[in-house]
Each structure stands twice: as C-alpha cells, then as structure tokens.
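Data first, discussion second: the structure below is written as structure tokens.
The values are calculated or read from the model by the stated rules, or taken from the named source; none is laboratory data. Just so we're clear, the structure is a prediction, and the values are computed from it rather than from any experiment. We place every Cβ from the backbone using ideal geometry, glycine too, and count neighbours over all the protein chains shown. Note: areas computed on protein heavy atoms with side chains; ligands, DNA, RNA excluded. Shrake-Rupley method; radii C 1.70, N 1.55, O 1.52, S 1.80 Å.
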Amino acid sequence: EFLEAGDYARLAVTIDGGVDIFPVNYLVTDSVIYFRSAPGSKLVAITEHPEVAFEVDGTHQRKRWSVVVKGQARRLGKDAEIEASGVLGLRTASPTVKWNYVRIAPAEISGRRFAARA
C-alpha cells in the first residue's frame, strides 16, 4: 500500500564490485515497479547485475515507514509492454531526457513502521 502510493525512491545497484544508490521516480502497475532512465552507469549496472534493492519511505499518521523491495531489474524492449506499464506517463524530477524503461519484478518485500520523532 505504501509502495504503491509513493512516487520517489532509491535504487541500489552493484557497480564495479561496489554498490551505488540512485534516486528514481517510479510507479507500480500490477505489483511491478517501473521507472525511466537516461543512458549511463545505472543501466550498465542493471544489465551486468540485475539483482537490485529498491527503497521508499515516508510518514503516515505520525509514524515513519520504509518499504524495501529486492528483485530483478531489466530494461523493457517491447513497445506493448512499455505502453501497458504506464511508465510513458511517468513524470521525472530530473530534466534529463529518459528514453529507457526499466521494470523490477519483486522477489522479496519487507517493511517497517516506527514512531516519528516530535
């Protein structure tokens, strides 16, 4: 529920034996996460190491929450799949042109809530 209500998250990928984190705008369609990306290290990392972690957090009713998704990411290549996902209508926070579309199929989802500090 929190994951589907969000629109801004962090994507963790493996790069050159290490880890990097990227902010992404996203949407959820039929329990699958979609985002847009410009060419670059994020797409290279996903191609070489498709296992990713994806985290979104926020505050709801005076409680902090966090949802972490672990799964496989892959670049979408078929127009029908891109159109059906709804990702074409996703507005991004960055002015960079993003003509690559990626899906994350969740393998594991975990979450937690805790009291927000006053």
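Hey, how much of the P(r) for the chain falls beyond 18 Å, as a percent of Cα pairs? Walk me through the numbers before you get to the answer.
On the way: 3483 of 6903 pairs.
In whole percent, the long-distance tail amounts to 50.
How would Asp7, Asp30 rank on accessible area, largest to smallest, probe 1.4 Å? Write out the running numbers ahead of the final one.
Working: Asp7 95, Asp30 140 Å².
So the residues, ranked largest to smallest area, are Asp30, Asp7.
Tabulate in residue order the Karplus-calculated ³J(HN,Hα) for region 24-31, using 6.51 cos²θ - 1.76 cosθ + 1.60 with θ = phi - 60°, rounded to whole Hz; enter x for Gly and Pro.
Running phi through 6.51 cos²θ - 1.76 cosθ + 1.60 with θ = phi - 60° gives 9, 8, 8, 9, 10, 10, 6, 6 Hz.
Leaving out ligands and nucleic acids, and using a 1.4 Å probe, what accessible area per residue does region 1-106 come to in Å²? List each step's numbers first, then the result.
Values: 6060 Å² over 106 residues.
It amounts to 57 Å² per residue over region 1-106.
Putting +1 on Lys and Arg Cβ atoms and -1 on Asp and Glu Cβ atoms, find which of Val67, Val87, Phe54 reaches farthest to the positive end of the dipole of the chain.
Comparing the listed Cα positions along the dipole, Val67 ranks first.
What value, in deg cm²/dmol to 500, does the helix sum -39500 (n - 2.57) over DSSP H runs of n ≥ 4 give at 222 nm once divided by the residues of the chain? Let's see the in-between values first.
On the way: 3 runs with 19 residues, N = 118.
That calculation yields -4000 deg cm²/dmol at 222 nm.
How large is ³J(HN,Hα), in whole Hz, for each residue of region 87-100 in order, when computed from phi with the Karplus curve 6.51 cos²θ - 1.76 cosθ + 1.60 and θ = phi - 60°, using x for Gly and Pro?
After applying 6.51 cos²θ - 1.76 cosθ + 1.60, I find 5, 4, x, 6, 8, 9, 7, 8, x, 5, 5, 10, 10, 10 Hz.
Treating only the Cβ of Lys, Arg, Asp and Glu as charged (+1, +1, -1, -1), what charge dipole size does the chain show about its Cα centre? Round to the nearest 20 debye. Each step should come with its number before you reach the end.
Values: 16 positive and 14 negative charges, 99 e Å.
Roughly 480 debye, rounded to the nearest 20.
Calculate one ³J(HN,Hα) per residue across region 70-76 by plugging θ = phi - 60° into the Karplus curve 6.51 cos²θ - 1.76 cosθ + 1.60, and present them in order as whole Hz with x for glycine and proline.
Karplus-based 3J(HN,Hα) across region 70-76 equals 10, x, 9, 9, 8, 6, 7 Hz.
How far apart, in nm, are the 7 Å Cα→Cβ label points at Leu43 and Ala116?
3.7 nm
Name the aspartates and glutamates eligible as straight-distance cross-link partners of Lys98: C-alpha to C-alpha under 18 Å, and not fewer than 8 places from it in the same chain.
List returned: Asp7, Asp79, Glu81, Glu83.
Amide H neighbours of Ala38 under 5 Å, at least 5 residues apart or on other chains, H built in the peptide plane: list them.
The answer is none.
Got a number for carbon plus sulfur as a percent of the chain's accessible area, 1.4 Å probe?
Values: 3690 of 7360 Å².
Solvent-exposed carbon and sulfur of the chain make up 50 percent of the total.
Return the ratio Rg/(2.2 N^0.38 Å) for region 10-72, where Rg is computed over Cα atoms only.
Values: Rg = 12.9 Å, N = 63, 2.2 N^0.38 = 10.6 Å.
Ratio of Cα Rg to 2.2 N^0.38 Å: 1.22.
For region 55-118, what log10 I(q)/I(0) values come out of the Debye formula at q = 0.18, 0.19 1/Å, with one point per alpha carbon and no solvent?
For region 55-118, the Cα-only Debye profile gives -0.86, -0.90.
I need the peptides 41-54, 70-83 ranked by packing, meaning the mean over residues of other C-beta atoms within 10 angstrom, with the highest value on top. Kindly include the intermediate steps, with their values, before the conclusion.
Working: 41-54: 16.7, 70-83: 13.7.
In descending order of packing, they fall as 41-54, 70-83.
Between Ile15 and Arg62, take the C-beta separation as r, use R0 = 30 Å, and let me know the FRET efficiency to the nearest 0.05. List each step's numbers first, then the result.
Values: r = 37 Å, r/R0 = 1.24.
With a Förster radius of 30 Å, E is 0.20.
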